[in-house]
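First the structure, in the form of structure tokens, and then the observations on it.
The values are calculated or read from the model by the stated rules, or taken from the named source; none is laboratory data. This one's a predicted model, so the numbers in the text were calculated from it and none came from an experiment. Methodologically, a virtual Cβ is constructed for each residue, glycine included, from the backbone with ideal geometry; neighbour enumeration extends over all protein chains shown.
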Amino acid sequence: MFNSLQEKLDKALHNISGRGKITEINVAETVKEIRRALVDADVNYKVAKDLTKRVQDKALGENVLTSLTPGQLMTKIVHDELVDLMGGSQEGINLSGKPTVILIAGLQGSGKTTFSGKLANYLQTKRNKKPLLVACDVYRPAAIDQLKVLGGQINVPVFTEDGSTNPSTIAENAINFAKANNHDVVIVDTAGRLAIDEQMMNEIKSVHYFIKPQETLFVVDSMTGQDAVNTAKAFNDALNFDGVVLTKLDGDTRGGAALTIRSVVEKPIKFISTGEKMEALDLFYPERMADRILG
Ligand code: GDP
């Protein structure tokens, strides 16, 4: 994860550690290298520029020039700024409501269905819940089958309605089914399209309006870099979602989405997905992510 970013930041911070006496010019050079590393990792230019400006101000304010360990001090400053950028602390999901209704949104291929299964598995095994999965993709029968297979693997029932063309009705029927069968969480997996279009947005907006979920999670493929951030913005404008799920962090992703989404949509990343297996799901901790990025 984030190998290239890690290497470049390490190099920039290492260079300043190796010096005898530090000057303001050395600090400026290091900051510039950090900015370049962030932009290369697909961090939005303005976000990278603002962050490195704060790093520079803090470094000079905290007397990095006279510090005996300037590299360590700079690393700590960068670490703290990365944590802040990613939202500070872990934010969990809202499990209020009887049952709790969780709507899963995102583009096709982002990892929505896989995440729906993982979330059900997490709630069942770690939070002692009795989840129900709901297949609401009325366009792709294969997506419904995929959810059934995942449900079978983790022993969670999957609510489907053959032949129905209205996702809001399917979701509503599923919620009634959950009430009648003591399910305390309903996870609604919706249809995705390859790109954002009006029809798709209207459909998910109407499901959202109809079922009034306690929690709406937007799933996005971290490999798509800046596009991930733009997609997040479009979905947030439509749904005012509660949190982000970043998927495919096990791949060779550059880091831009993880670092930028929070500051662009002002919503927390709640989960990260790191593989195809049902167990490959973690809560998102900004602190741990910053530790990883700085090696
Ligand atoms: P959906 O169309 O949004 O429902 O996406 P899917 O859940 O079908 O996922 C698309 C593909 O990505 C599938 O082949 C999944 O196995 C794979 N996938 C999903 N999440 C992850 C992940 O975190 N890491 C990896 N490596 N693959 C993933």
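Here are some notes:
Quick grid of which residues meet (1) among the hydrophobic types (A, V, I, L, M, F, W, C); (2) in contact (Cβ under 8 Å) with a residue 12 or more places away in the chain; (3) farther than 29 Å from T216 by Cα; (4) touching an Asp or Glu at 6+ places or on another chain (Cβ under 9 Å):
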position	(1), (2), (3), (4)
S4	no, yes, yes, yes
K8	no, yes, yes, yes
A41	yes, yes, no, no
P70	no, yes, yes, no
Q90	no, yes, no, yes
I93	yes, yes, no, yes
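- Test: residue in region 190-199 that is surrounded by 15 or more Cβ atoms within 10 Å (Cβ to Cβ) and over 18 Å from G111 (Cβ atoms): no
- Failed condition for S206, given (1) over 23 Å from the mean Cα position of the chain (by Cα); (2) surrounded by 15 or more Cβ atoms within 10 Å (Cβ to Cβ); (3) within 17 Å of Y139 (Cβ to Cβ): (2)
- Selection count, region 249-261, where residues are surrounded by 23 or more Cβ atoms within 10 Å (Cβ to Cβ) and of a type outside the set (A, V, I, L, M): 4
- Taken over region 104-142, residues that are over 22 Å from the mean Cα position of the chain (by Cα), of a type outside the set (D, E, K, R) and surrounded by fewer than 23 Cβ atoms within 10 Å (Cβ to Cβ) amount to 5.
- Matching residues in region 85-108 - criterion: being within 16 Å of the ligand (Cβ to nearest atom) and touching a Gly at 6+ places or on another chain (Cβ under 7 Å): G106, L107, Q108
- Looking only at region 233-260, and only at residues there that are in contact with a Ser or Thr (Cβ under 9 Å, 6 or more places away or on another chain) and without any contact (Cβ under 8 Å) to a residue 60 or more places away in the chain, the one that is farthest from G92 (Cα to Cα): G251
- Pairs linking a residue in region 123-147 that is more than 22 Å from T100 (Cα to Cα) to a residue that is of a type in the set (S, T, Y) and buried (at least 19 other Cβ atoms within 10 Å of the Cβ), with Cβ atoms under 8 Å and 6 or more positions apart or on different chains, are A143/T113; Q146/T113.
- Among the residues examined, I22 qualifies as more than 25 Å from I272 (Cβ to Cβ), aliphatic (A, V, I, L, M) and outside any helix (DSSP H, G or I).
- Annotation note: of N236, N240, N230, the sole residue that is modelled with pLDDT under 95, away from the ligand (no atom under 16 Å from the Cβ) and surrounded by fewer than 24 Cβ atoms within 10 Å (Cβ to Cβ) is N230.
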